[in-house]
1. Contact list please: Cβ distance under 7 Å, first residue in segment 71-93 and in contact (Cβ under 8 Å) with a residue 12 or more places away in the chain, second residue exposed (fewer than 12 other Cβ atoms within 10 Å of the Cβ) and in a strand (DSSP E or B), pairs at least six apart or on different chains.
2. Failed condition for Q6, given (1) within 20 Å of A144 (Cα to Cα); (2) modelled with pLDDT of 95 or more, with all others met?
3. What do you reckon, is E78 at pLDDT below 95, touching a Lys or Arg at 6+ places or on another chain (Cβ under 8 Å) and open to solvent by 30 Å² or more (accessible area, probe 1.4 Å)?
4. Being within 21 Å of the chain's Cα centre (by Cα) and surrounded by fewer than 19 Cβ atoms within 10 Å (Cβ to Cβ) is the filter here; which residues of segment 50-75 pass it?
5. Can you find a residue that is open to solvent by less than 70 Å² (accessible area, probe 1.4 Å) and within 26 Å of H128 (Cα to Cα) anywhere in segment 30-45?
6. Go through (1) open to solvent by less than 80 Å² (accessible area, probe 1.4 Å); (2) part of a loop (DSSP other than H, G, I, E, B); (3) not polar (S, T, N, Q) and name the single condition V13 misses.
7. Please enumerate the residues belonging to segment 68-87 that are part of a helix (DSSP H, G or I) and within 23 Å of D32 (Cα to Cα).
8. If R90 satisfies all but one of (1) touching a Ser or Thr at 6+ places or on another chain (Cβ under 7 Å); (2) under 26 Å from H160 (Cα atoms); (3) of a type in the set (D, E, K, R), what's the number of the condition it fails?
Amino acid sequence: MGNTAQFNLQDIVAVLQRTPAVFNALLRELPDTWTQRNEGGDTWSAFDVIGHLIHGERTDWMPRARIILENGETRAFEPFDRLGHIPESRGKSLDQLLDEFTTRRRENLTALRALNLQPQHLARRGRHPALGLVTLSELLATWAAHDLTHLHQLSRVMAHQYRAAVGPWSAYLGVMQCAGHSLP
């Protein structure tokens, strides 16, 4: 067994179906000091991350999968608006966003299963506006890795709130040493 896994749709779905529960367990009913603060500047808070995940559920993963299956390389994906979540999240509570993320993810996984994807489908290629040709399997693998990226980001953003409070232990906490990834 190597250091990295080969593409396995069931393994990807296993991560994707658990992500809403993980974020819910981590964030629901926490004080705003944990969920509304960021790492400074234009970085994202936990609230922003959940809004971003919802925006991706609505405009990225399944819409792009359908474009690949229906149009292949002939139609490029719409560029993803990394900040599209900001107006969509305005006026909502974090609990509302967590509920919406759970619902949208459930709907998307139901739609994904309904596609009954076979190896020939997973090998189909689409056209990403910046990356060029990509396969459906790469898109789906990225969906799961994207969830994990934002779980990592949430851990880092939340730990950042106690950067000074941990005092000298900061030197032993890897999460305190990790540079921010909120900006492109």
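1. Taking only residues 6 or more apart or on different chains, the pairs are E73/L133.
2. Of the numbered conditions (1) within 20 Å of A144 (Cα to Cα); (2) modelled with pLDDT of 95 or more, the odd one out for Q6 is (2).
3. Here the answer is no, as E78 does not meet what is asked.
4. Selection gives R58, T59, P63, R66.
5. yes
6. (2)
7. If the condition is that a residue be part of a helix (DSSP H, G or I) and within 23 Å of D32 (Cα to Cα), then H85, I86, P87 are the ones that fit.
8. (1)
The values are calculated or read from the model by the stated rules, or taken from the named source; none is laboratory data. Keep in mind that this is a model prediction, so the values were computed, not measured. Please note: Cβ atoms are built from the backbone with ideal geometry, for glycine as well, and neighbour counts cover all protein chains shown. Note: accessible area is taken over every heavy atom of the protein model, side chains too, but ligands, DNA and RNA are not part of it. Shrake-Rupley method; radii C 1.70, N 1.55, O 1.52, S 1.80 Å.
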